[in-house]
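Asker: I'd like to ask some things about the structure below.
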Amino acid sequence: MRLGVQREGVLDILKGRVLCTMFYEPSTRTSTSFDAAMQRLGGRTIAISTEHSSTVKGESLQDSLRTLACYGDAIVLRHPEEDSVDVAAKFSPVPVINGGNGSKEHPTQAFLDLFTIREELGTVTGLTITFTGDLRHGRTVHSLCKLLQYYDVQVQLVSPPQLALPADIRDMLKASGQLIKESTELTEDIVAKSDVLYCTRVQKERFADLAEYERLKDTFIIDNKTLKAAKPSMVVMHPLPRNAEVAGEVDFDQRAAYFRQMRYGLYCRMALLALVMAP
Amino acid sequence: MRLGVQREGVLDILKGRVLCTMFYEPSTRTSTSFDAAMQRLGGRTIAISTEHSSTVKGESLQDSLRTLACYGDAIVLRHPEEDSVDVAAKFSPVPVINGGNGSKEHPTQAFLDLFTIREELGTVTGLTITFTGDLRHGRTVHSLCKLLQYYDVQVQLVSPPQLALPADIRDMLKASGQLIKESTELTEDIVAKSDVLYCTRVQKERFADLAEYERLKDTFIIDNKTLKAAKPSMVVMHPLPRNAEVAGEVDFDQRAAYFRQMRYGLYCRMALLALVMAP
Amino acid sequence: MRLGVQREGVLDILKGRVLCTMFYEPSTRTSTSFDAAMQRLGGRTIAISTEHSSTVKGESLQDSLRTLACYGDAIVLRHPEEDSVDVAAKFSPVPVINGGNGSKEHPTQAFLDLFTIREELGTVTGLTITFTGDLRHGRTVHSLCKLLQYYDVQVQLVSPPQLALPADIRDMLKASGQLIKESTELTEDIVAKSDVLYCTRVQKERFADLAEYERLKDTFIIDNKTLKAAKPSMVVMHPLPRNAEVAGEVDFDQRAAYFRQMRYGLYCRMALLALVMAP
């Protein structure tokens with residue numbers, strides 16, 4: 001995929017195929033990269049604007065999916081409700097790719113995160129991966145933790161107690177013996193042990209007590225000082241968008257992998273679309 | 001068209017042609033199916049977002065149409081004002097396809113409705129077609145009634161008095177001798193006589209008296225019980241989106257034609273675009 | 001470009017290239033014509049909806065640009081802040097085309113304006129160009145004045161004092177000896193001397209004193225009476241959209257060049273994209 005894009009720009013693998021994208025929640029990266037992935041495979045994309053469509057006339061999700069299935073060969077869906085993927089699996093006659101369902105999962109992000117780790121570090125095996133920020137609502141973290149069950153890795157969790165990982169996912173990590181550390185502060189020790197530092201946004205609106213937000217938010221700002229304690233080979237990842245949790249100065253450090261991570265996302269989504277839609 | 005799509009996915013008939021779509025009212029089916037139709041003919045589509053465009057700077061419809069005519073080879077327009085089609089006919093230098101003008105007409109829906117009847121029942125001649133729901137505001141009903149003037153059919157109208165068909169269209173049906181029944185309730189007799197049961201949404205917001213809405217709305221819910229009285233060959237059609245007027249259980253009855261109807265819409269719009277835009 | 005579009009509809013020059021467009025302000029003409037230009041060059045376009053994207057999650061402009069640079073080969077940006085082009089120049093790894101930055105500049109409009117003058121009048125050399133309307137906020141005027149520095153032309157400025165050209169651009173015209181007339185009223189003399197009458201919208205919302213707006217607005221309505229004083233070869237230009245400042249009756253005068261101007265815009269933007277993006 002990567003070589004193809006670098007050499008040809010657009011390939012011919014999905015020539016004659018049509019992808020519908022329907023995002024009920026804001027998105028730049030996921031919707032744009034699926035659009036780009038489809039087009040760079042030679043296919044065509046139809047984007048449904050959910051604010052300007054039949055959902056305002058009270059149409060059910062299952063009817064909307066059946067509609068798109070009449071026009072396209074596959075659907076990418078982002079929806080605020082967690083059971084939207086079950087509705088899609090039950091009613092859509094064409095393949096539906098989950099582009100994020102509520103706070104629950106974001107599986108294509110997990111694919112590209114894993115691909116990023118392999119590209120940047122050569123392997124996933126034996127690595128220590130540290131998650132920081134809002135682990136409770138961060139669906140990219142939930143999906144990646146599940147995917148990491150298939151790998152021999154160690155996991156460190158760093159978040160304020162109110163934003164800790166949901167119990168079921170934490171229990172899963174414990175049961176598999178991967179969880180080696182939990183902390184409410186990002187200490188030098190934790191950073192020094194990490195091969196991957198996976199950051200997420202701490203969202204102000206999640207805090208009931210603003211004073212606590214103010215107290216906690218600075219614990220999680222990654223800057224050049226934080227990186228002093230890190231291995232030279234460590235990579236900083238972030239699903240983006242970011243607010244202040246990764247300082248701009250870090251962008252110029254080779255360990256900042258989050259912009260390359262987006263580019264890998266294009267290749268991963270191309271591979272996924274080819275797998276699902278190629279004749 | 002259908003065979004072409006099934007075999008090739010995308011054809012080459014409109015390669016090198018550009019269609020502009022401009023929808024001033026919400027739409028999923030019509031805008032998406034025109035987009036898909038154009039792309040499956042090998043052409044390209046440019047969708048104008050009317051909320052995010054020069055109309056907010058006070059531009060007239062005729063200037064907007066002239067603008068699109070500079071960039072595209074044809075235009076699909078949906079507009080809340082009934083005379084928008086006259087403005088388009090007068091000022092646009094390129095063909096404009098009416099995608100719905102206010103409560104008045106929706107001609108491409110009438111084409112696909114007629115095509116659906118022929119595909120499902122083999123012919124239109126001699127059939128009895130029953131319209132139910134909001135016949136006053138349902139522009140798809142208005143357009144189909146006009147098209148049916150060219151066919152030997154019988155028509156039954158079922159709606160609350162407040163939502164009856166506009167007088168001019170009703171008079172047209174009377175004059176042509178097609179109107180055989182008018183009712184405010186969907187009785188077993190009416191269902192039993194029907195070859196086509198064409199349902200539309202009863203829109204709560206159209207009722208001044210909510211008590212009356214509550215009293216009437218259940219008369220028009222089509223469910224498996226309703227279908228017990230129907231011929232085995234009858235088809236249930238609906239322009240969609242639906243709310244509660246066709247129960248979900250009906251989806252699994254072979255007589256439910258409304259999902260196939262959408263797919264036929266793709267082929268009809270492909271045929272129309274090819275007719276209008278092919279070199 | 002023009003011959004190619006007229007003969008082939010869509011060319012192959014940018015086959016395999018992807019353009020991202022991101023408009024933070026309303027636009028029909030600029031966004032649509034870039035989309036059409038890219039598609040008619042055989043390329044593909046991805047439009048980012050800024051209301052429905054990560055900017056609502058607080059992402060910085062530079063991060064948004066880096067994101068698009070991962071998916072597309074060039075970016076067209078319209079942004080309300082004047083320094084947005086500097087941010088783009090500093091942080092984007094791919095070419096960024098300025099589609100309008102605040103009230104400051106709109107360079108691709110200046111290209112198409114200049115091209116319009118050459119197409120309509122054969123040359124730019126020796127012409128007298130009159131700007132009317134809101135010269136203070138009209139960024140198309142600012143950009144064209146700068147471009148005209150490279151040509152031997154004379155300039156007349158007609159605007160209410162509150163909407164006069166910004167001092168730095170006016171000084172530039174004075175220094176180059178091009179500014180031959182300033183007026184607050186569009187007199188017959190000024191019209192008679194003009195080879196190009198370049199109109200812009202007088203925007204009601206810019207006036208603090210509505211009485212003054214009411215008094216001034218009619219000075220700037222171009223109608224058939226205004227054109228009586230004009231040369232037979234004069235052309236009326238307007239970046240559009242227009243409100244009342246050019247009367248509808250003028251549309252039928254051959255001197256009304258503003259609709260042709262839009263079509264020229266398509267060719268200019270095709271040329272620019274080919275220059276920037278062709279392999």
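Asker: Of the numbered conditions (1) surrounded by 14 or more Cβ atoms within 10 Å (Cβ to Cβ); (2) farther than 27 Å from A:Leu121 by Cα, A:Ala211 fails exactly one; give the number of that condition.
Answerer: It is condition (1) that A:Ala211 fails.
Asker: Right, next: Taking C:Arg215 as meeting all but one of (1) charged (D, E, K, R); (2) more than 14 Å from every other protein chain (Cβ to nearest Cβ); (3) part of a loop (DSSP other than H, G, I, E, B), write down the number of the exception.
Answerer: Condition (3) is where C:Arg215 drops out.
Asker: While we're on this one: Select from the stretch C:88-114 the residues that are under 12 Å from the mean Cα position of the chain (by Cα) and either polar (S, T, N, Q) or part of a helix (DSSP H, G or I) (or both) and list them in ascending order.
Answerer: Across the stretch C:88-114, the qualifying residues are C:Asn98, C:Asn101, C:Ser103, C:Pro107, C:Thr108, C:Gln109, C:Ala110, C:Phe111, C:Leu112, C:Asp113, C:Leu114.
Asker: If a residue must be over 12 Å from the mean Cα position of the chain (by Cα) and farther than 19 Å from A:Pro241 by Cα, how many such residues does the stretch A:131-146 contain?
Answerer: 1
Asker: If A:Asp251 satisfies all but one of (1) in contact (Cβ under 8 Å) with a residue 12 or more places away in the chain; (2) surrounded by fewer than 20 Cβ atoms within 10 Å (Cβ to Cβ), what's the number of the condition it fails?
Answerer: (1)
Asker: Just to be sure I understand the filter: pairs with C-beta atoms under 8 Å, separated by 6 or more residues or on different chains, first member in the stretch C:48-63 and within 21 Å of A:Arg263 (Cβ to Cβ) and more than 7 Å from chain A (Cβ to nearest Cβ), second member modelled with pLDDT under 70 and surrounded by fewer than 18 Cβ atoms within 10 Å (Cβ to Cβ). Which pairs pass?
Answerer: From the stretch C:48-63, no pairs qualify.
Asker: Only one of A:Ala192, A:Ala211, A:Ala256 is of a type in the set (Gly, Ala, Ser) and touching a residue at least 24 places away in the same chain (Cβ under 8 Å); which?
Answerer: Numbers: A:Ala211 fails: touching a residue at least 24 places away in the same chain (Cβ under 8 Å); A:Ala256 fails: touching a residue at least 24 places away in the same chain (Cβ under 8 Å).
Of A:Ala192, A:Ala211, A:Ala256, the one residue that is of a type in the set (Gly, Ala, Ser) and touching a residue at least 24 places away in the same chain (Cβ under 8 Å) is A:Ala192.
Asker: Any residue that is of a type in the set (A, V, I, L, M), part of a helix (DSSP H, G or I) and more than 23 Å from the chain's Cα centre (by Cα) - is there at least one of those in the stretch C:149-167? Break it down into steps so the answer makes sense when it comes.
Answerer: Of the stretch C:149-167, the ones of a type in the set (A, V, I, L, M) are C:153, C:155, C:157-158, C:163-165, C:167.
Those still in the list that are part of a helix (DSSP H, G or I) too: C:163, C:167.
Checking the rest, the ones that are also more than 23 Å from the chain's Cα centre (by Cα) come to none.
No, the stretch C:149-167 contains no residue that is of a type in the set (A, V, I, L, M), part of a helix (DSSP H, G or I) and more than 23 Å from the chain's Cα centre (by Cα).
Asker: For A:Met234, all conditions in the list (1) more than 19 Å from A:Gly138 (Cβ to Cβ); (2) within 14 Å of chain C (Cβ to nearest Cβ); (3) aliphatic (A, V, I, L, M) hold save one; what is the number of the exception?
Answerer: Among (1) more than 19 Å from A:Gly138 (Cβ to Cβ); (2) within 14 Å of chain C (Cβ to nearest Cβ); (3) aliphatic (A, V, I, L, M), the lone unmet condition for A:Met234 is (2).
Asker: Taking C:Asp73, is it among the acidic types (Asp, Glu) and more than 8 Å from every other protein chain (Cβ to nearest Cβ)? Please lay out each step first, then the result.
Answerer: On the way: among the acidic types (Asp, Glu): yes; more than 8 Å from every other protein chain (Cβ to nearest Cβ): no.
Spelling it out, it is not the case that C:Asp73 is among the acidic types (Asp, Glu) and more than 8 Å from every other protein chain (Cβ to nearest Cβ).
Asker: Could you list, in sequence order, the residues of the stretch B:225-248 that are of a type in the set (D, E, K, R) and in contact (Cβ under 8 Å) with a residue 40 or more places away in the chain? I'd like the intermediate steps shown before the answer.
Answerer: Step one: filter the stretch B:225-248 for residues of a type in the set (D, E, K, R), giving B:225, B:228, B:231, B:242, B:245.
Answer for the stretch B:225-248, where residues must be of a type in the set (D, E, K, R) and in contact (Cβ under 8 Å) with a residue 40 or more places away in the chain: B:Arg242, B:Glu245.
Asker: Quick one: which residue in C:Arg17, C:Arg29, C:Arg7, C:Arg2 is more than 25 Å from the chain's Cα centre (by Cα), farther than 29 Å from A:Arg201 by Cα and in contact (Cβ under 8 Å) with a residue 60 or more places away in the chain? Can you show your working first?
Answerer: On the way: C:Arg29 fails: more than 25 Å from the chain's Cα centre (by Cα); C:Arg7 fails: in contact (Cβ under 8 Å) with a residue 60 or more places away in the chain; C:Arg2 fails: more than 25 Å from the chain's Cα centre (by Cα).
Answer to the check: C:Arg17.
Asker: Related question: Quick one: which of C:Tyr198, C:Tyr267 is more than 23 Å from C:Val153 (Cα to Cα) and either in contact (Cβ under 8 Å) with a residue 40 or more places away in the chain or crowded, with 17+ Cβ neighbours inside 10 Å (or both)?
Answerer: Working: C:Tyr198 fails: more than 23 Å from C:Val153 (Cα to Cα).
Checking each option against the conditions leaves just C:Tyr267.
Asker: List every residue pair whose Cβ atoms lie under 7 Å apart, where the two residues are 6 or more positions apart in sequence or sit on different chains, the first residue falls within the stretch A:128-148 and is on the phi > 0 side of the Ramachandran plot, and the second residue, located anywhere, is modelled with pLDDT under 90 and aliphatic (A, V, I, L, M).
Answerer: Final answer for the pair search is A:Gly133/A:Val202.
Asker: Could you check the stretch A:59-87 and list, in sequence order, the residues that are assigned to a helix (DSSP H, G or I), surrounded by fewer than 24 Cβ atoms within 10 Å (Cβ to Cβ) and among the small types (Gly, Ala, Ser)?
Answerer: A:Ala69, A:Ser84
Asker: What residue, among those in the stretch B:242-273 that are within 13 Å of B:Cys199 (Cα to Cα) and polar (S, T, N, Q), is farthest from the other protein chains (Cβ to nearest Cβ)?
Answerer: Across the stretch B:242-273, the extreme among qualifying residues is B:Gln261.
Asker: Let me ask you something else. Considering only the stretch A:171-210, state which residues are part of a helix (DSSP H, G or I), under 25 Å from C:Ser60 (Cα atoms) and not basic (Lys, Arg). Before the answer, list the steps.
Answerer: Initially, the stretch A:171-210 is screened for residues part of a helix (DSSP H, G or I), giving A:171-175, A:188-193, A:204-206, A:210.
Still in the running and under 25 Å from C:Ser60 (Cα atoms): A:204-206, A:210.
Of everything in the stretch A:171-210, those that are part of a helix (DSSP H, G or I), under 25 Å from C:Ser60 (Cα atoms) and not basic (Lys, Arg) turn out to be A:Glu205, A:Leu210.
Asker: With respect to C:Gln162, determine if the residue is under 23 Å from C:Ala229 (Cβ atoms) and either surrounded by 22 or more Cβ atoms within 10 Å (Cβ to Cβ) or not acidic (Asp, Glu) (or both).
Answerer: Details: under 23 Å from C:Ala229 (Cβ atoms): no; either surrounded by 22 or more Cβ atoms within 10 Å (Cβ to Cβ) or not acidic (Asp, Glu) (or both): yes.
For C:Gln162, the condition - under 23 Å from C:Ala229 (Cβ atoms) and either surrounded by 22 or more Cβ atoms within 10 Å (Cβ to Cβ) or not acidic (Asp, Glu) (or both) - is not met.
Asker: Among the residues of the stretch A:7-24, write down those that are under 20 Å from A:Asn101 (Cβ atoms) and either within 9 Å of another protein chain (Cβ to nearest Cβ) or crowded, with 24+ Cβ neighbours inside 10 Å (or both). Working first, answer last.
Answerer: Keep residues of the stretch A:7-24 that are under 20 Å from A:Asn101 (Cβ atoms), which gives A:19-24.
Those that are under 20 Å from A:Asn101 (Cβ atoms) and either within 9 Å of another protein chain (Cβ to nearest Cβ) or crowded, with 24+ Cβ neighbours inside 10 Å (or both): A:Leu19, A:Cys20, A:Thr21, A:Met22, A:Phe23.
The values are calculated or read from the model by the stated rules, or taken from the named source; none is laboratory data. Model, not experiment: these values are computed from the prediction. Note that we place each Cβ from the backbone using ideal geometry, even for glycine, and neighbour counts take in every protein chain shown.
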